[in-house]
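Visitor: This is the structure, below, for whatever I ask next.
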Amino acid sequence: MHEFSIAVDIVDIATSTASKESATVVKEIEIEIGQLSGVVMEALEFSLEAAVKGTILENARRNLIIVAGKARCTQCLTEYDTDSLFKSCPECGTCAPDVIQGRELRVKSIIVE
Amino acid sequence: MCDSCGCSQPGKEPIILKPGEESHHHTHTHDGVEHTHDFHDHDHGHSHERKLDIEQDVLGRNNLLAERNRGYFEAKDVLALNLVSSPGSGKTSLLERTIKDQGKKLSFFIIEGDQQTMNDANRIKEAGAPVVQVNTGEGCHLDADMVNKAVKKLEVEDGSILMIENVGNLVCPAMFDLGESSRVVIMSVTEGEDKPLKYPYMFKSSDLCIINKTDLLPYLDFDLKQARNYAQQVNPELEFIELSVKTGEGMDIWYDWLGKTANPSQA
C-alpha cells in the first residue's frame, strides 16, 4: 500500500509550505489525482486520515480533484479518453498510447490561517 | 516525535544493514530534507485565512533524489538495475547464479529490499558479492532515499553493476524511481500469463522482462507467446529474455544483455 507513503509526502509538502508562511492551521488542502496515477482513491483517503493525525492538517478539508485519463495514439496522433494504460486507438486500432493526461499527483494549494 | 508528519511511529524507518551487523536506532530524517518546527500560536482574535498555491508533484522529492542517484551512477560508470517482480519469481536465485557465473568477469554490488529478515543478503554474501539489506518494515517498496543511503553504505566501485532487488510486489514499486539505468521485471511461468495486464504500471515502466522457470513449461499450461503479447500490449518497447535459473537455459542471453548494457561501446 504505497498510498500511505504518498499521504505522508502530501502532509510533508503542505506542512513545510505552511511553516514557511508562519501559518498555524491548514483549513483546506487541494490535491489533484490522475485517474491513471496508480493511486487507489479509497486507499489514499484512508491513508490521509491517518497521516494528518497530530499535524496542523488534522482538521483540514480535503479537496481531492480527479483528473480524467487522456491518451494520444503514437501512430495516427488521435487524442482520446482512456481509463487504462493500454486502450487501443478508436481511430486506427493501434494499441500504443502515449498517456498525456491522468498521471497527475500534485498538491495544488492550501488555505491556511 | 515529529508532529508534522507522524513518521516516527514504530516500524516506519527502514533499517539498512550489512550481513552480520546489528540493528540500531536511526536518526530522524524526511527523505534527506530537514524541516523546521517553528509554528507559533496567534491569539489576536481575528482570521488570517489565505490561500497558498503550491503546485508541487507529490513524488517530486523522490524523483529529485532518484535523479541525484542517477547522476552519481553515471559519474561512476555504474550500471544500476532495479529488479522488480511478485514474490517468488526467482529474483534472488537469478542474482545468486549471475554472481557465481559472472562474478570473475563483472563486478557486482547488491541491494536487497525486503520488509523483514537478512535472509536474502546472507544468500548473496554466500554467493560472493558485497551486499546491504534494506528492511522496509511496513513499507511495500524501496524509494530513492533508501537506495541513496544503502549505496553509501555499500561503497559501490566505479564500473560495477549495481543490482537493486526491490520488495516483491508488482504494484507499489512501479511508482518509485530509484535512479536506476534500467528496470527489469521478472515473471515466472508458474504465474498467469496475464500478469502484465493485471499489473500494467510495472510492465509499462520496465525496459526488460525476464520470464523465469522455463524448465517447468512442459508441466504447465503457461502460454509463453500469449504472455509476451500481453506484455507488449502494455509496453511495445519491452525486451524479453526467457530463461531457467535452475537449468541455466537462456542464462547466456541474460549475460550478453548485461555485458552490452554495462559496456555499450563493446557491443
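Visitor: Return the pairs, sorted by first residue and then second, in which the second residue is open to solvent by less than 80 Å² (accessible area, probe 1.4 Å) and not in a helix (DSSP H, G or I), the first residue lies in the range B:239-267 and is farther than 18 Å from B:ILE99 by Cβ, the beta carbons are less than 6 Å apart, and the residues are 6+ apart or on different chains.
Guide: B:GLU239/B:LEU208; B:PHE240/B:CYS209; B:GLU242/B:ILE211; B:GLU242/B:GLY250
Visitor: Got at least one residue in the range A:47-60 being open to solvent by 10 Å² or more (accessible area, probe 1.4 Å), of a type in the set (Ser, Thr, Tyr) and without any contact (Cβ under 8 Å) to a residue 12 or more places away in the chain?
Guide: no
Visitor: Related question: Limited to the range A:20-40, what total is found for residues that are surrounded by fewer than 18 Cβ atoms within 10 Å (Cβ to Cβ) and over 14 Å from A:ARG62 (Cα atoms)?
Guide: 5
Condition check ((1) touching a His at 6+ places or on another chain (Cβ under 8 Å); (2) at pLDDT below 95; (3) closer than 23 Å to B:ARG97 by Cα) across all residues:
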position: B:ASP114; (1), (2), (3): no, yes, yes
position: B:GLU126; (1), (2), (3): no, no, yes
position: B:VAL132; (1), (2), (3): no, no, yes
position: B:THR136; (1), (2), (3): no, yes, no
position: B:CYS140; (1), (2), (3): yes, yes, no
position: B:ALA150; (1), (2), (3): no, no, yes
position: B:GLU157; (1), (2), (3): no, no, yes
position: B:ASN169; (1), (2), (3): yes, yes, yes
position: B:CYS172; (1), (2), (3): yes, yes, no
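Visitor: Which of the strands (runs of 3 or more DSSP E) found entirely inside the range A:14-113 contain at least 3 residues meeting this: under 26 Å from A:HIS2 (Cα atoms) and at the interface with chain B (Cβ under 10 Å from one of its Cβ atoms)?
Guide: Of the strands (runs of 3 or more DSSP E) lying wholly inside the range A:14-113, those with at least 3 residues that are under 26 Å from A:HIS2 (Cα atoms) and at the interface with chain B (Cβ under 10 Å from one of its Cβ atoms) span A:26-34, A:105-112.
Visitor: Identify, from the list A:LEU44, A:LEU57, the residue that is of a type in the set (A, V, I, L, M, F, W, C), closer than 27 Å to A:GLU113 by Cβ and within 17 Å of the chain's Cα centre (by Cα).
Guide: Result of the check over A:LEU44, A:LEU57: A:LEU44.
Visitor: Considering the range A:1-13 alone, what residues qualify as being open to solvent by less than 20 Å² (accessible area, probe 1.4 Å), without any contact (Cβ under 8 Å) to a residue 60 or more places away in the chain and part of a helix (DSSP H, G or I)?
Guide: Correct list: A:GLU3, A:ALA7, A:VAL11, A:ASP12.
The values are calculated or read from the model by the stated rules, or taken from the named source; none is laboratory data. Keep in mind the model is a prediction, meaning the values are calculated, not measured. Backbone-built Cβ (ideal geometry, glycine too); neighbour counts: all protein chains shown. Ligands, DNA and RNA are stripped out before the accessible areas are found, and what is left, the full protein with its side chains, is counted by its heavy atoms. Shrake-Rupley method; radii C 1.70, N 1.55, O 1.52, S 1.80 Å.
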